[in-house]
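Down below is the structure, laid out as structure tokens.
Coordinate-derived values only; no laboratory data. Please read all numbers here as calculations on a predicted model, not as lab measurements. Neighbour counts run over all protein chains shown; Cβ positions are idealised from the backbone, glycine included.
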Amino acid sequence: MTYGDSTRSLKAVAAEHVPGNPVGPVPVPASAYHIGADEDDALDSYGRRHNPTWRQLEKALAHLEGAAAAVSFGSGMAAITSLLRVITEPGTTLVVPADGYYQVRAYATEYLAPRGVTVIQARCDEMCDAAGDADVVFAETPSNPGLDVVDLHRLAMQCRPRGALLVVDNTTATPLGQQPLALGADLVVASATKALAGHHDLLAGYVAGNRADVIERLGRERLLAGPILGAFEAWLVLRGLGTLGLRFDRHCQNAAALAMMLRSHPAVASVRYPGLPDDPSHGVAARQMRRFGGIVAVELADVDAVHALIGRSDLLVGATSFGGVHTSVDRRARWGDPVPPGFARISCGIEDTDDLLADIESALGGAGR
């Protein structure tokens, strides 16, 4: 039977039906376990090597991404940097997003390039051309914060004949919005800190895919380097996944309504949202995305206009993460993203849609008129 996304999310985190056992997952925070006379690697032995709560979370993440396996990490950046260390070496040519999460570019240029990796930065619309000379292509779609979209099927067809490895950051879309592996990607990486956990109360990341060789090496990298996810945090992600379908539907509903309202607002210079019919990325997004996500990118007049929006609002939270239950606003130029000073990323929460729209309409007031 084919289930809907909320049902899939619930089944992914369900415990085995054993009478007397808890219905939901439980955290196992042990760092040491009883071991036999001869070590059996299939048994739990030490907290940096094994954890039952990791395994349940990784099984759920792999299920949602359509992957054979997943490896969890202590943050999204821990997942990304661990993966990049495993799949690059001196002489590798690596493509990273020029318009994606800025710390990925920083890591590639500051740590990988000095070690002999050739780093090419490409915008979403340049990815397919840049892939022609690459050994590893790291794409992010929709991009954070600009919300441009990469044609993943076309990019995969560019990578596959050459044997280039295609990695897709699926953080903004989530596995309920997009399935990169089904579109031809080799691996998916994401920050579970955002919509998957959904409550702004933990850091977590993961890599999922069907490349058993890479997954095995990632497990070894995690053991030796130690960027592990705490058992309690793993349990919180599992708990969050149970409501992901409901929350993400509301995120997307609110974002679509907000984008439609803002596109004609006199205080707004421009709006980007892949779900808008006239968005430059809508055609590609409509082909490869099941939902268009909960983030809206807007450009206001200047820095003061962004601060005024947050200050006048009763519902908006000034915060630099996204995907939580509260609608948050982040002025991305402050972090070094190549965007105008008045550019803001609005991550829609789960407020009632009419309330959110009315609040933002009121908070915009006469700004930029």
The listed residue being surrounded by fewer than 18 Cβ atoms within 10 Å (Cβ to Cβ) and more than 21 Å from MET261 (Cβ to Cβ), out of GLY311, GLY283: GLY283
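Can you confirm whether segment 55-65 contains a residue that is touching a strand residue (DSSP E or B) at 6+ places or on another chain (Cβ under 7 Å), surrounded by fewer than 15 Cβ atoms within 10 Å (Cβ to Cβ) and not charged (D, E, K, R)? Give the steps one after another, and end with the answer.
Restricting attention to segment 55-65, the residues satisfying the condition of being touching a strand residue (DSSP E or B) at 6+ places or on another chain (Cβ under 7 Å) are 57-58, 61-62, 65.
Among the residues that remain, those that are also surrounded by fewer than 15 Cβ atoms within 10 Å (Cβ to Cβ) are: none.
No, segment 55-65 has no match at all.
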All positions within segment 320-362 that are assigned to a loop (DSSP other than H, G, I, E, B) and either free of Cβ contacts under 8 Å to residues at least 12 places away in the same chain or more than 22 Å from THR243 (Cα to Cα) (or both): THR320, GLY336, ASP337, PRO338, VAL339, PRO340, PRO341, GLY342, ASP352
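Quick grid of which residues meet (1) over 23 Å from ARG48 (Cβ atoms); (2) of a type outside the set (Gly, Ala, Ser); (3) part of a loop (DSSP other than H, G, I, E, B); (4) touching a strand residue (DSSP E or B) at 6+ places or on another chain (Cβ under 6 Å):
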position	(1), (2), (3), (4)
PRO161	yes, yes, no, no
THR174	yes, yes, yes, no
GLY198	yes, no, yes, no
GLU216	no, yes, no, no
ARG220	no, yes, no, no
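For LEU166, state whether it is part of a loop (DSSP other than H, G, I, E, B) and either touching a residue at least 60 places away in the same chain (Cβ under 8 Å) or touching a Cys at 6+ places or on another chain (Cβ under 6 Å) (or both).
no
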Count - residues of segment 181-205 that are under 12 Å from the mean Cα position of the chain (by Cα) and within 19 Å of PRO97 (Cβ to Cβ): 7
Residue count for segment 293-335, restricted to those that are within 17 Å of the chain's Cα centre (by Cα) and of a type in the set (Phe, Trp, Tyr): 1
Matching option when the condition is in contact with an Asp or Glu (Cβ under 9 Å, 6 or more places away or on another chain) and over 22 Å from GLY219 (Cβ atoms), among ARG105, ARG85, ARG123: ARG123
Exclusive hit being aliphatic (A, V, I, L, M) and either within 23 Å of ILE350 (Cβ to Cβ) or surrounded by 24 or more Cβ atoms within 10 Å (Cβ to Cβ) (or both), set ALA212, ALA173: ALA173
Yes/no for ASP44 being surrounded by fewer than 20 Cβ atoms within 10 Å (Cβ to Cβ) and among the acidic types (Asp, Glu): yes
Those residues of segment 252-278 which are within 24 Å of the chain's Cα centre (by Cα) and buried (at least 18 other Cβ atoms within 10 Å of the Cβ), in sequence order: CYS252, ASN254, ALA255, ALA256, LEU258, ALA259, VAL271, ARG272, TYR273, PRO274, GLY275, LEU276
Qualifying residue in segment 77-87 (condition: in a strand (DSSP E or B), within 24 Å of LEU181 (Cβ to Cβ), touching a helix residue (DSSP H, G or I) at 6+ places or on another chain (Cβ under 6 Å) and of a type in the set (Gly, Ala, Ser)): no
